[in-house]
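Read-outs throughout are calculated quantities, based only on the coordinates presented, and are distinct from any laboratory measurement. Note that this is a predicted model, so its numbers are computed, not measured. No Cβ is skipped: glycine too gets one built from the backbone with ideal geometry, and neighbour counts run over all protein chains shown.
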Amino acid sequence: MNVVRLVDELPEARRGVAVGTFDGIHLGHLRVIDAARAAGLRTAVVTFDPHPRAVLGRDVELLATLERRLELFAAAGVDDVVVLEFDETLANLEPTEFAELILRGMGAEVVAAGETFRFGRDRQGDLTLLERLDFDVRRVPVLENVSSSRIRELLHGGEPDRAARLLGRPAEVEGIVVHGDHRGRELGFPTANLDVPTGLLIPPDGVYAGWTHDRLAAVSVGTNPQFDGVERRVEAHLLDFDDDLYDQRLVVEIWSWLRGQMRFESVEALVEQIGADVAQARSATRPG
């Protein structure tokens, strides 16, 4: 898959182009990509980084990093991705300029997008404008209750299984494995401590069943109240695994909620509960 920042870096071709931010790449996003692919041309995606809402001063928690988005585009069979830097210059492009410089410039003949997609200065551009500019526009109806915002709500509500139904796969959190307090190993349950990128959504504090590095995992999110922790961390105990993962990037699937974070009356009680968490994680099934 070709990944470029400028449209003139792409090889010349006739393209069916899917356009959008695609945060999380949920089922609705996949329908847009499928509509672009159905054109029978070279399948391409135009997406934005950073998230437009962040640049326009609105808070947003990302469901996926750019790196993960690109992996998911590749898995969806996309041939080319143009990652546009969303800044004030891009935000202030007139809609016709965006259509001609970006879409026409990359050989787009078919343009697929959600039916409510808007673009250009003050979001004045829409799919009707693209039709007037002689693009073959494929309007993709919005799936009821399927949106990145709704997925965020479900994750914040401790419902990763319901979020997975909208994503078509489990929700994820990712990061580079870094050194922590090494307390998990001392307790008999070594964990991979993740340095999660700033801006990525982290599920609420608690213990979850999950999956990473081809292993089931018990995933802890929180400050470790048993030891008076103050730093919020994401730590994954990989079942039946005891190798070194430091400096590796892990994408951790969040499958199901097991319990909340709590302080136990003794370290022995904590260890007993972790053993129970691991047993539950071992019998978990993948949602989505």
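Under the 0.36 nm per residue contour assumption, what length would be gained going from the current alpha-carbon distance of Glu97 and Val4 to full extension?
31.5 nm
Does the range 45-140 classify as rounded, prolate or oblate by the C-alpha gyration tensor (a ≥ b ≥ c root eigenvalues; a/c under 1.5 gives rounded; else a/b over b/c gives prolate, otherwise oblate)?
oblate
Running a GNM on the chain with Cα contacts under 10 Å, which residue among Glu159, Glu115, Glu268 ends up with the highest mean-square fluctuation?
Evaluated over the chain, the most mobile residue of the options is Glu268.
Apply 1/(1 + (r/R0)^6) to the Cβ-Cβ distance of Glu85 and Leu27, taking R0 = 45 Å, and write down the FRET efficiency to the nearest 0.05.
0.95
7 Å from Cα along Cα→Cβ at both Asp205 and Arg162: what's the point-to-point distance in nm?
About 2.3 nm, to one decimal.
So which GluC sites (Glu not before Pro) in the range 176-249 end up in coil per DSSP with only 11 or fewer other C-beta atoms within 10 Å?
Those that pass, being in a loop and sparsely packed, are Glu231.
Once you place label points 7 Å from the Cα toward the Cβ at Thr198 and Ser266, how far apart are they in nm?
Once both label points are built, they end up 4.4 nm from each other.
For a protection proxy built on the mean count of beta-carbon atoms within 10 angstrom, sort 191-198, 176-183 highest first, please.
Per-residue Cβ counts within 10 Å, averaged per peptide and sorted highest first, yield 191-198, 176-183.
With unit charges on the beta carbons (Lys and Arg positive, Asp and Glu negative) and the dipole taken about the Cα centre of the chain, which residue among Ser283, Thr191, Gly168 sits farthest to the positive side?
Checking the options against the dipole of the chain, the answer is Gly168.
Can you sort Trp211, Trp257 so the residue with the fewest Cβ neighbours within 10 Å comes first?
So the residues, fewest neighbours to most, are Trp257, Trp211.
Within the range 104-124, whose backbone N sits under 20 Å from a point 7 Å along Cα→Cβ of Arg132?
104-105, 109-124
Here are some values of percent of Cα pairs over 36 Å apart: (1) 11; (2) 26; (3) 29. Which one was computed from this structure?
Of the labelled values, this structure produces (2).
Between the range 225-273 and the range 158-184, what is the separation of their alpha carbon centroids in Å?
Centre-to-centre distance over Cα atoms comes out at 12 Å.
Using Cα atoms only, what is the angle between the long axis of helix 267-282 and the major principal axis of the chain, expressed in degrees (0 to 90) to the nearest 10?
That helix lies at roughly 40 degrees to the long axis.
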